[in-house]
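J.: Structure below; questions to follow.
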Amino acid sequence: NAARYSVHFLLQKADDDSRTLTSNDYNITFDEDGNYHFSSKFEESGSRIDAVTDKDTQTPITPLDFPGFDLVSDKARYSNGGNDTVGVTLANGCYTISPQSSGTDLFIFYSREQYPYKVYYLLYGANTTESALATYTTTDADTNDPKVVLADTDGIDPVLYSLYQTDFTATAKTIPGYTCISQNTISRETSPEASKNYIIFYYTHVQYTVQ
């Protein structure tokens, strides 16, 4: 007997409400009409697989790769005929299912990768090449050379993380003796290239008028 099966690849969304995942977000339910439903924190990719094989045939399914996403290998689930889903284990790089004549659906989950970013507070005119930014960990604001502005974090925020294709945002610090000449709040889209994930706020010395 022929048996239909479908493989659904569910990708974590990029909106703010989807940034944190819990175990309940990996549940799959079916309504009385046999339609499946999953957490609003995921969306189905356009790479769904629909195929037919012989009933009860051991069928290995290799998860697809999606740039910017990590396979959540221990959360895959399958259902036969719209019944309650059952967990399935990844072994030798594959999930193995036995499609039934009532139809079998396999759901594979992916989370968005996290990429690091940094926020810098620099004197206007500072060198902002990649190699220079890598050296900006301390400050010497008393020299005439453009240096990192003295701040609570020694002129650089610790490494932070943002999800793939989401925006990361930073707000300028108020630093005594300096005026920020950049926008007060800056946002950037997260790139898989860590060297591109940074925000720079530029400052000048406060000018005083002697009466």
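J.: Return the label of the correct value of Rg and Dmax of the Cα atoms in Å, as calculated from the structure shown, out of [x] 25.5, 97; [y] 30.0, 117; [z] 19.3, 61.
T.: This structure yields the entry labelled [x].
J.: I'd like the distance separating the alpha-carbon centroids of the stretch 183-211 and the stretch 87-129, in whole Å.
T.: 30 Å
J.: Might you report the magnitude of the Cβ-based charge dipole of the chain about its Cα centre, with Lys and Arg at +1 and Asp and Glu at -1, to the nearest 20 debye?
T.: 260 debye
J.: Using just the helices of the chain, give the 222 nm mean residue ellipticity in deg cm²/dmol: DSSP H runs with n ≥ 4 each add -39,500 (n - 2.57), and the total is spread over all residues, rounded to 500.
T.: After summing the helix terms and dividing by the residues of the chain, the value is -500 deg cm²/dmol.
J.: Multiply the residue gap between residue 187 and residue 94 by 0.36 nm, knock off their C-alpha separation, and tell me the result in nm, one decimal place.
T.: Contour length minus Cα-Cα distance gives 29.6 nm.
J.: If you don't mind, there's one more thing I want to ask. Out of the DSSP beta bridges found with both residues in the chain, what percent are antiparallel (nearest 5)?
T.: The answer is about 75 percent antiparallel.
J.: Moving on. Which value, in debye to the nearest 20, gives the size of the charge dipole of the stretch 1-46 about its Cα centre, when Lys and Arg are +1 and Asp and Glu are -1 at the Cβ?
T.: Charge dipole, the stretch 1-46, about its Cα centre: 240 debye, nearest 20.
J.: Which pairs in the list 41/75; 41/196; 13/75 are over 20 Å apart, alpha-carbon to alpha-carbon?
T.: Result: 41/196 exceed 20 Å.
J.: Moving on to the next point. Calculate, in nm to one decimal, what residue 73 and residue 129 gain on full extension: separation in residues at 0.36 nm each, minus their alpha carbon distance.
T.: 16.3 nm
J.: Continuing with the same structure: For the chain, what is the accessible area per residue in Å² when the probe is 1.4 Å?
T.: 57 Å²
J.: When only C-alpha pairs under 8 Å and at least 6 residues apart count, what is the relative contact order of the chain, in percent?
T.: Computed value for the chain: 20 percent relative contact order.
J.: Here's another thing I want to ask about it. Per-residue accessible area for residue 205 at 1.4 Å probe radius, Å² rounded to 10?
T.: Approximately 90 Å² of residue 205 is accessible to the 1.4 Å probe.
The values are calculated or read from the model by the stated rules, or taken from the named source; none is laboratory data. Treat the numbers as computed from the prediction; the structure is a model and nothing was measured. Cβ sites come from the backbone with ideal geometry, for glycine too, and all protein chains shown count toward neighbours. Each accessible area value is taken on the protein alone, full model and side chains, heavy atoms only, with ligands, DNA and RNA left out. Shrake-Rupley method; radii C 1.70, N 1.55, O 1.52, S 1.80 Å.
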